[in-house]
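A.B. asks: Sharing a structure below in structure tokens format, with a few things to ask.
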Amino acid sequence: AQKITQTQPGMFVQEKEAVTLDCTYDTSDPSYGLFWYKQPSSGEMIFLIYQGSYDQQNATEGRYSLNFQKARKSANLVISASQLGDSAMYFCAMREKYSGAGSYQLTFGKGTKLSVIP
Amino acid sequence: DSGVTQTPKHLITATGQRVTLRCSPRSGDLSVYWYQQSLDQGLQFLIQYYNGEERAKGNILERFSAQQFPDLHSELNLSSLELGDSALYFCASSVSGQRMNTEAFFGQGTRLTVV
């Protein structure tokens, strides 16, 4: 079963508007972390924001915020005031304990391609 | 610049050949992760090393192997290459493999094309 599900293969948003990218996850571990990464056309993976499973408040980093709904197992990324430079692939990822090894692995969703329209 | 260095950036090789991808983690990072990104499979976790020891294994083929050296750089060895191995291979590093909130910093990737 998919651990991280991003149901929107592609999204369009008008410049200066806000956009929400969906992410749902599946884990039985009570302790986990959720991340969002941006991958522009140049290919590098850029860390955007992190949310821990025990964090009481939604994470925010500048124009990025994470709408964390633990009961629904969702961790949607909200980008406010979209800019042309936001056009990229966005990946949701989950870190959970790797069984038996005492460490954690990071599992990625398939990504959402965001296109910002002038 | 993430501080993670991957070489080479591009690699073209023939089927059946063997290649080595190299990764230098950020200064101070003990944990190295390898990922494969192909169009149809997304980002697949291959393997993780922490301070020289293998810590986690994902969907890594038996034809692939990796190691982390005492200076903490890592190499991913791909052998008996097939056309389907063509992908972008990422290395990522983090301070610790054992803390939940440690983000992984990615290198620029090595684009492997098998012809």
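A.B. asks: Using mean Cβ contacts within 10 Å as the protection proxy, how do A:31-43, A:47-59 order, highest first? Before the final figure, lay out the partial values.
C.D. replies: Values: A:31-43: 18.5, A:47-59: 16.1.
Packing proxy ranking, top to bottom: A:31-43, A:47-59.
A.B. asks: Hey, with R₀ at 35 Å, roughly what FRET efficiency would A:GLU61 and B:GLU75 work out to, going by the Cβ-Cβ distance, to 0.05? The partial results should precede the final answer.
C.D. replies: On the way: r = 33 Å, r/R0 = 0.95.
Plugging the Cβ-Cβ distance into 1/(1 + (r/R0)^6) gives 0.60.
A.B. asks: Keeping all protein chains in the complex and leaving out DNA, RNA and ligands, what accessible area do you get for A:LYS110 with a 1.4 Å probe, in Å² to the nearest 10?
C.D. replies: It works out to around 100 Å².
A.B. asks: Within 10 Å of each Cβ in peptide B:52-59, how many partner chain Cβ atoms are there on average? Round it to a whole number, please. If you can, show how the numbers build up before the last one.
C.D. replies: On the way: counts 0, 2, 2, 6, 10, 3, 4, 0.
Averaged over the peptide's residues, the number is 3.
A.B. asks: I've got another one for you. Given R₀ = 35 Å, what would the calculated FRET efficiency be for B:THR7 paired with B:ASP40, taking r from the Cβ atoms and rounding to 0.05? Intermediate values should be presented prior to the final figure.
C.D. replies: Numbers: r = 26 Å, r/R0 = 0.75.
Working from the Cβ atoms, E equals 0.85.
A.B. asks: If you don't mind, another one. Which whole-number percent gives the relative contact order of chain B, counting Cα pairs below 8 Å spaced six or more residues apart?
C.D. replies: Working: 295 pairs, mean separation 42.7, N = 115.
Relative CO of chain B lands at 37 percent.
A.B. asks: Mind checking which aspartates and glutamates have their Cα closer than 18 Å to the Cα of B:LYS9? Skip sequence neighbours fewer than 8 apart in that chain.
C.D. replies: A:GLU44, B:ASP1, B:GLU75, B:ASP85
A.B. asks: Which of the lysines could a cross-linker bridge to A:LYS70, judged by Cα under 20 Å and excluding same-chain residues fewer than eight apart?
C.D. replies: Cα-Cα hits under 20 Å: A:LYS3, A:LYS97.
A.B. asks: Grab the beta carbon distance between B:VAL115 and B:GLU54, set R0 = 41 Å, and tell me the FRET efficiency rounded to 0.05. Could the numbers behind the result be given before it?
C.D. replies: Values: r = 31 Å, r/R0 = 0.76.
Once rounded, the FRET efficiency stands at 0.85.
A.B. asks: Ordered by residue, what ³J(HN,Hα) values in Hz, to whole numbers, does segment B:15-32 give under the Karplus form 6.51 cos²θ - 1.76 cosθ + 1.60, where θ = phi - 60° and Gly and Pro are x?
C.D. replies: In residue order, the calculated couplings are 4, x, 7, 10, 9, 10, 9, 10, 9, 10, x, 4, 4, x, 7, 9, 9, 10 Hz.
A.B. asks: Now, a different point. Of chain A, which part is the longest with no GluC sites (Glu not before Pro) in a loop (DSSP not H, G, I, E, B) and with at most 15 other C-beta atoms within 10 angstrom? Numbers along the way, then the final one.
C.D. replies: On the way: sites that count: A:GLU15, A:GLU17.
Maximal segment without exposed cleavage sites: A:18-118.
A.B. asks: Related question: For segment A:61-68, in order, what is each residue's ³J(HN,Hα) by Karplus, 6.51 cos²θ - 1.76 cosθ + 1.60 with θ = phi - 60°, in whole Hz (x at glycine and Pro)?
C.D. replies: Values, residue by residue: 9, x, 7, 9, 9, 10, 8, 9 Hz.
A.B. asks: Each residue of segment A:15-28 in order: what ³J(HN,Hα) in whole Hz does its phi give by Karplus 6.51 cos²θ - 1.76 cosθ + 1.60, θ = phi - 60°, with x for Gly and Pro?
C.D. replies: So the Karplus estimates, Gly and Pro as x, are 3, 6, 8, 8, 9, 10, 9, 8, 8, 10, 9, 9, 7, 9 Hz.
A.B. asks: Within 10 Å of each Cβ in peptide A:71-77, how many partner chain Cβ atoms are there on average? Round it to a whole number, please.
C.D. replies: 0
A.B. asks: Just checking the output field for A:42-48: average partner chain Cβ neighbours within 10 Å of each residue's Cβ?
C.D. replies: Working: counts 2, 8, 8, 14, 3, 6, 1.
Mean inter-chain Cβ contacts per residue within 10 Å come to 6.
A.B. asks: Over segment A:21-66, what is the relative contact order in percent, taking alpha-carbon pairs closer than 8 angstrom and at least six residues apart? It would help to have the intermediate numbers written out before the result.
C.D. replies: Values: 51 pairs, mean separation 13.2, N = 46.
After rounding, I find 29 percent.
A.B. asks: Before anything else, pin down the relative contact order of segment A:35-110: Cα pairs under 8 Å, at least 6 apart, normalised by residue count, whole percent.
C.D. replies: Values: 116 pairs, mean separation 20.6, N = 76.
Relative contact order, segment A:35-110: 27 percent.
The values are calculated or read from the model by the stated rules, or taken from the named source; none is laboratory data. Keep in mind the model is a prediction, meaning the values are calculated, not measured. All Cβ positions, even for glycine, are placed from backbone atoms using ideal geometry, and neighbour counts span all protein chains on display. With ligands, DNA and RNA removed, areas are computed over all heavy atoms of the protein, side chains included. Shrake-Rupley method; radii C 1.70, N 1.55, O 1.52, S 1.80 Å.
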